[in-house]
Amino acid sequence: MIDPCQELLLNQYRNTDKCTESDPSTLWVLDENSDYLTRNLRNDKNSLYVTNRWDIHTQLNQHGNFSDYDLTAYRELDTVFFRLCKEKAVVHHIINQSFNALKLGGQLILTGEKNEGVKTYEKKAKALFGSSEIKKSKNTYLVVLTKTQSDHAENLLDDQDYCTLREIDGLANYQCYSKPGIFGWNKIDQGSKLLLEQFESHTQMITKEEKQSLSVLDLGCGWGYLSLSLHRLGYVHIDATDNNAAAVNALTATATAKENNLAFSIWADHCAESTDKQYDLILCNPPFHKGFDHSYPLTDTFLKALKRLIKHNGKVFLVANQFIPVEKFGQSYFKTIQTLTTENGFKVLVLAN
């Protein structure tokens, strides 16, 4: 299914002469909502890109930058293209960084739908850039912001100090770090909390000695609530991976904090594709949404990965929204799928072979 916002952005790009230049001065800002753009830009050697998603980075591994939307290395760009994402702090950060990266006369071109706040973003960004044009196509808006002024720091948008990791009240006795741009960045996600409660309840027979030998994976680790909780329970061999650069940076900062000094293995990856290791236990609160919509292919991708990553006698503990048909997709990969509980719109499952 084609996102009309991404299609509109691509059409705008193709209708300019920027896509024929040999020296790229066009930057694309890509996130989880950028599948259509990624497919169409895969062979484009005349653009740069920055993305916070490892899967996007591996698909566009030329002229690219995998980071937490760090645009500081770019200067004197002609054009930045950006399809609005969910989180306001991220959008504000990207607008501010684009302003700094563009030359005078350069343009930030963004698209979004009315219910995503595109008209509000346009109004705020116009005060920063100096000039703005907005076009409507059905329910989609295209905004062209032109940089006509060089220094209007007082008009920078409030990005909640986006770049800064900050200590949060995450888990008792641990110094935890997080930031905007990470799912549930300043709280304990209720789905993850329910998953951990069920995991504890159904693994009470595992001894202290066994915990010190079992291998455990936190797939889609976020800021690290599950990984830290596993450590608190006595597990030693903990691996954690996430597709999001901000999440990996945050958990790495937490693990290496002097007060914690945790021997976690943490890396950026999409469904742990880069490892052939298999685990005794996997905990997973996966993102079954791609951008603004639920994605059944993503559900299948996660389940297929879990099948590959779990040992023959291992167990996967997974939490999902109750309406997501994990059981239907999972029967292709697992012999047994048991529902441990359904509460507050969530269900916790244990999958095994």
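Worth a mention:
- Dimensionless Rg ratio for the chain, taking C-alpha atoms and the 2.2 N^0.38 Å reference: 1.06
- Seen against the Cα atoms of the chain and their longest principal axis, helix 4-14 is set at about 50 degrees.
- Sequence ranges 278-285, 83-90, ranked by mean other-Cβ count within 10 angstrom, highest first: 278-285, 83-90
- Translational diffusion coefficient (Stokes-Einstein; Kirkwood radius from C-alpha pairs) of segment 164-275 at 10 °C, 1.306 mPa s, in µm²/s: 112 µm²/s
- Each peptide in 220-226, 172-178 gets a packing score, the mean of other Cβ atoms within 10 Å over its residues, and the list from highest to lowest is 220-226, 172-178.
- Whole-number accessible area per residue in Å² for the chain, which is evaluated in the context of all protein chains at 1.4 Å: 46 Å²
- Pairs from the table (K135/K347; K45/K307; K193/K328) lying more than 32 angstrom apart at Cα are K135/K347; K45/K307.
- For the peptides 148-158, 252-262, 4-14, residues were scored by their other Cβ atoms within 10 Å and the scores averaged per peptide; the highest-first order is 4-14, 252-262, 148-158.
- The modelled label-to-label distance between K304 and T207, using points 7 Å beyond Cα along the C-beta direction, is 4.1 nm.
- Cα gyration tensor shape for segment 11-122, rounded if a/c is under 1.5, else prolate or oblate: rounded
- Rg over Rh [alpha-carbon atoms, Kirkwood Rh] for segment 175-241: 0.98
- Label-point separation in nm, N100 to K135, each point 7 Å along Cα→Cβ: 3.1 nm
- Straight-line cross-link partners of K179 among the lysines, defined as a Cα under 16 Å from its Cα and at least 8 positions apart when in the same chain: K86, K88, K187.
- Segment 185-291, accessible surface, carbon-and-sulfur percent (1.4 angstrom probe): 46 percent
- Zone residues, segment 172-186, relative to T256, backbone N less than 17 Å from point 7 Å out along Cα-to-Cβ: 175-179
- Cα-based helix-to-principal-axis angle, 190-202 vs the chain, degrees rounded to 10: 20 degrees
- Percent antiparallel among DSSP beta bridges (both partners in segment 149-295, rounded to 5): 30 percent
- Between 0 and 90°, nearest 10: helix 245-256 axis offset from the chain longest Cα axis: 50 degrees
- Accessible area, probe 1.4 Å, largest first, for residues K103, K315, K114: K114, K315, K103
The values are calculated or read from the model by the stated rules, or taken from the named source; none is laboratory data. Quantities reported herein were computed from a predicted structural model and do not represent experimental measurements. Here Cβ is always computed from backbone atoms with ideal geometry, including for glycine, and neighbour counts include all displayed protein chains. In case anyone asks, the SASA skips ligands and DNA or RNA and just uses the protein heavy atoms, side chains included. Shrake-Rupley method; radii C 1.70, N 1.55, O 1.52, S 1.80 Å.
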